[in-house]
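Step one of this worksheet: look at the structure below.
Rule-based calculations on the coordinates, nothing more; no lab input. Predicted model, so just to flag it, every value in this text is computed and none were measured. Don't worry about glycine lacking a Cβ; one is built from the backbone with ideal geometry, like all the others, and counts go over all protein chains shown.
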Amino acid sequence: MSNHQMNPAALAELARVSEQARQEYEGVLRDYDAAVVFHTGGAVLIADEVLAGKAPDPNWVERYGKSRNSVDLARSIMHQKYTRYSEISDQLLQEMQKPPAVAPAEGGETNNPDQ
């Protein structure tokens, strides 16, 4: 079988790996969203205190700084997972666009004019 024909086994494996990569990406996307919500909530609490003329709670300022690091880390992981999912999806699409393999005719000849 040439590299220019669809390989059903490779197609099935790519579909399985693509689905797994999609699920991993969606999981880290939820983690990123949660980190952003926590980070934004801390910013709101600090802003409320400042607007009320109070010094911000030092614990919230520290948590805000740590949450910023969490957001940055979650964004980095999310980007890595998306890149992997995108690359696998591209491979899957390329495999699906190949013509199906043609069974050999009698006498060992193929019916595929490309061979």
Rounded to whole angstrom, the alpha-carbon centroid of the range 43-76 lies from that of the range 1-33 at a distance of 38 Å
Computed for the range 1-82: size of charge dipole around the Cα centre, +1 on C-beta of each Lys and Arg, -1 on C-beta of each Asp and Glu, debye to nearest 20, value 120 debye
Taking a label point 7 Å from the Cα of GLU49 along Cα-to-Cβ, the residues of the range 65-82 whose backbone nitrogen sits under 15 Å from it are 65-67
Among ASN7, TYR85, GLY42, the residue whose Cα sits farthest towards the positive end of the charge dipole of the range 1-85, when +1 is placed on the Cβ of each Lys and Arg and -1 on the Cβ of each Asp and Glu, is ASN7
Between ASP57 and GLN91, the two model label points (7 Å from Cα along the beta-carbon direction) sit apart by a distance in nm of 4.8 nm
Interchain or sequence-distant (5+) residues whose placed amide H lies within less than 5 Å of the amide H of MET6 are ALA101
